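Enquirer: Below you will find the structure I want to go over with you.
Bear in mind that the values in this text are calculations on the coordinates, not laboratory data. All values reported here derive from a predicted model rather than from experimental measurement. Don't worry about glycine lacking a Cβ; one is built from the backbone with ideal geometry, like all the others, and counts go over all protein chains shown.
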Amino acid sequence: MAGEASLKSIPGIAKTLYPIALCRDISAAEGRRLTEKRMIAFRMASKTPSNTPEFWTAYCEDIFWALLNSNEFALNH
């Protein structure tokens with residue numbers, strides 16, 4: 001994922017992460033939510049500039065971390 005992550009790659013990465021963590025496909029609403037400006041702005045509080053692959057790699061890691069800490073994951077596993 002490093003060096004390849006960008007805003008355009010988020011939907012594809014999420015389509016990979018959701019089945020791994022939650023054993024189901026991502027919904028259309030969840031996919032839209034992950035690319036909303038407010039979600040990205042939350043990550044912008046980090047020190048990494050948003051125009052770098054490192055920023056988007058960290059954003060993808062945050063998505064996976066959130067999935068692993070969700071109630072849905074806890075109840076399924």
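Enquirer: Has the stretch 13-35 got at least one residue that is loosely packed, with under 12 Cβ neighbours inside 10 Å, in a loop (DSSP other than H, G, I, E, B) and touching a helix residue (DSSP H, G or I) at 6+ places or on another chain (Cβ under 7 Å)?
Expert: yes
Enquirer: In the stretch 42-51, how many residues are closer than 16 Å to Ala66 by Cα and without any contact (Cβ under 8 Å) to a residue 12 or more places away in the chain?
Expert: 1
Enquirer: Can I ask one more? Only one of these conditions is not met by Ser9: (1) within 20 Å of Phe73 (Cβ to Cβ); (2) within 12 Å of the chain's Cα centre (by Cα). Which number is it?
Expert: Ser9 satisfies all of (1) within 20 Å of Phe73 (Cβ to Cβ); (2) within 12 Å of the chain's Cα centre (by Cα) except (1).
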